[in-house]
Amino acid sequence: MAAMLCTAYRGGGVSDWFLPSRDELNLIYINLIRLNSVIDWKDSYWSSFYYSNGILDIGCASAQRFSDGAQITPRRNESYQVRAVRQF
């Protein structure tokens, strides 16, 4: 669902938006939050990283918590924000 929202996004009249990886989200946190304090984001954002333990097929994804920079592994049915990004 999160990836679909990002690829369907048409902000700025462009269509090359995508759901960032957990490393890309961490770079956003480091560059915008910790180093520059540009924005005071308090939310957590989904990343495109997903894994399953294969036992009970309980899939988990990775999310970045912007309040403290922690990368967390919530269950995929939990609600978090989606941050669409573009390459530059």
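Just to be sure I understand, how many residues within the stretch 71-86 are in contact (Cβ under 8 Å) with a residue 60 or more places away in the chain and farther than 20 Å from residue 28 by Cα?
Residues flagged as in contact (Cβ under 8 Å) with a residue 60 or more places away in the chain and farther than 20 Å from residue 28 by Cα within the stretch 71-86 amount to 0.
In the stretch 72-88, how many residues are at pLDDT 75 or above, assigned to a loop (DSSP other than H, G, I, E, B) and closer than 30 Å to residue 14 by Cβ?
Of the residues in the stretch 72-88, 9 are at pLDDT 75 or above, assigned to a loop (DSSP other than H, G, I, E, B) and closer than 30 Å to residue 14 by Cβ.
Which number in (1) out of contact with any Phe, Trp or Tyr (no Cβ under 6 Å at 6 or more places or on another chain); (2) exposed (fewer than 14 other Cβ atoms within 10 Å of the Cβ); (3) at pLDDT 85 or above marks the one condition that residue 69 misses?
Evaluating residue 69 over (1) out of contact with any Phe, Trp or Tyr (no Cβ under 6 Å at 6 or more places or on another chain); (2) exposed (fewer than 14 other Cβ atoms within 10 Å of the Cβ); (3) at pLDDT 85 or above leaves (1) as the failure.
Each row is one residue, and each column tells you yes or no for (1) at pLDDT 85 or above; (2) out of contact with any helix residue (DSSP H, G or I) (no Cβ under 7 Å at 6 or more places or on another chain); (3) assigned to a loop (DSSP other than H, G, I, E, B); (4) of a type in the set (Lys, Arg).
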residue: 15; (1), (2), (3), (4): yes, yes, yes, no
residue: 28; (1), (2), (3), (4): yes, yes, no, no
residue: 33; (1), (2), (3), (4): no, yes, no, no
residue: 41; (1), (2), (3), (4): no, no, yes, no
residue: 47; (1), (2), (3), (4): yes, no, no, no
residue: 54; (1), (2), (3), (4): no, yes, yes, no
residue: 61; (1), (2), (3), (4): no, yes, no, no
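The values are calculated or read from the model by the stated rules, or taken from the named source; none is laboratory data. Quick caveat: nothing in here was measured; it's all calculated off a predicted structure. Glycine gets a Cβ as well: all are built from the backbone with ideal geometry, and neighbour counts include every protein chain shown.
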